[in-house]
1. So, in Å, what gap is there between the alpha-carbon centers of the stretch A:13-56 and the stretch B:6-50?
2. Between residue B:53 and residue A:140, what is the label-to-label distance in nm when each label sits 7 Å out along the Cα-to-Cβ direction?
3. I'd like the distance between the alpha-carbon centres of the stretch B:97-175 and the stretch A:84-163, rounded to an integer number of Å.
4. If R₀ is 41 angstrom, what is the calculated FRET efficiency for the pair residue B:386 and residue A:147, using the beta carbon separation as r and rounding to 0.05?
5. Could you state the orientation-averaged shadow area of the convex hull built on the Cα atoms of the stretch B:1-70, in nm² to one decimal?
6. Rounded, prolate or oblate: which fits the protein assembly as shown, taking a ≥ b ≥ c as square roots of the Cα gyration tensor eigenvalues, rounded meaning a/c under 1.5, else prolate when a/b beats b/c?
7. Which whole number of Å³ per residue matches the convex hull of the alpha-carbon atoms in the stretch B:251-369?
8. What whole number of Å gives the distance from the Cα centroid of the stretch B:355-383 to the Cα centroid of the stretch B:262-330?
């Protein structure tokens, strides 16, 4: 019972601000509405007993990504405080595409047989994640860090050129 | 795995603990934090500080709080009212949530902690990073250029210093092998992490404290609220209790950082494991310092008063410890006293820093983070990792 209640509350916490993110005409409000969404997803991670991922989710998404988005909005001239048009003249077309996509997703979800085998959860997921990153998934891990490094260097190069 | 839990009871327990922690923060953290700050700043600037309300001015902040509670709450006309009124709550709640993972001591056979979660220190860092959203939102929603500038400065500063903070925490996690705060304290039974792998432990502690000072926006890193250039920074437009909530958040976070630093590096609630003669030596040297200040020409120097007071306190503590050990009692003082002694020593240190050093410039601040603390932290981690692997 409690799990269902938690799921429903968290779903509302994720979905209502998510709707605000896309519909709000105030861009700062839209960006701030991301925070409850991210925190709700954190709640799901905790329900799945993935504490480490939950902590990282708060630290990176709520604490850093949102702040970065807000920071960019506030530094952009005329970016904050202005009312942004969120809807174009193509509402019917977009609505059709959305409904079609929702239908497709529902069909796929209902036809998939979900493997619900009971595996053994690691007692301490931090260690398991660390080991996995440096053994089985070391290539992906290193390539990701390389991509991040390249984007970092690229950002510096672009910023330098403007001087 | 999880035994069936009564959700109703868990929720009641959570509410009760939240009330306890909030009361503790509001009274010890904010009210007496402000009182100590004013008293210590008075000492350092050769004045007396609050003294009229109550004995030694002890009731001054209570009077101030009552005054703030009665004040009118003003929302500026062009402000974004919803965000404006929510922002102080975010800051206060984030500071409150920090305290979930702080272990206060070990009494009656159990650890006094709200919840010992196995990602403890990661959780702490995550909650500390939430604060900046509240600050940024407050700065923007006030519709005031000073507030906005303060908010932007806070964002750039806190994002930059989160990384050295995490590196300092990571060093401890590497040595302790666990993220749980209770586990970290238990791992220090052999000796404080401050003196582990010298001088790398000290380096990590300095890194952590510098980053923590910047995270809680205190001098020398108080650019977001630099009163001489930004009026008051991000909370310039706030009045009454909402302003007090910002103060509560700030002091709550500062006490939280001091508590975490004492858990990470000073062994938390554990009693230092020193022989009796060392305690006697410590006490005598502290007494010597106090006597020197008291009976030389230095007694007229107000600046040395706090040092004298601290030396006397240290001497009393050492005397109690030496007596206790020589009469053969294993833990001489209760663990709660040790935790609070360490935490308040660190709080005092932070306040001392605040009233001693001038404010950094913004570029100096960012350079310090990215060009000094970050490389030092990374090299520290690398060296420690190397040593740990070699030692294994």
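Read-outs: derived from the displayed coordinates by stated rules, not from any lab. Keep in mind that what you see is a predicted model, and the values were worked out from it rather than measured. When we count neighbours, we look across all protein chains shown, and the Cβ atoms used for this are built from the backbone with ideal geometry, even at glycine.
1. Using only Cα atoms, the two centres lie 30 Å from each other.
2. 5.9
3. Going from one Cα centre to the other spans 26 Å.
4. On the way: r = 27 Å, r/R0 = 0.65.
Taking R0 as 41 Å, the efficiency between residue B:386 and residue A:147 is 0.95.
5. Taking the Cα atoms of the stretch B:1-70, their convex hull projects to 7.9 nm² on average.
6. On the way: a/c = 1.73, a/b = 1.36, b/c = 1.27.
Since a/c reaches 1.5 and a/b is larger than b/c, the shape of the protein assembly as shown is classed as prolate.
7. Spread over its residues, the Cα hull of the stretch B:251-369 gives 132 Å³ apiece.
8. If we compute the Cα centre of each part, the gap is 32 Å.
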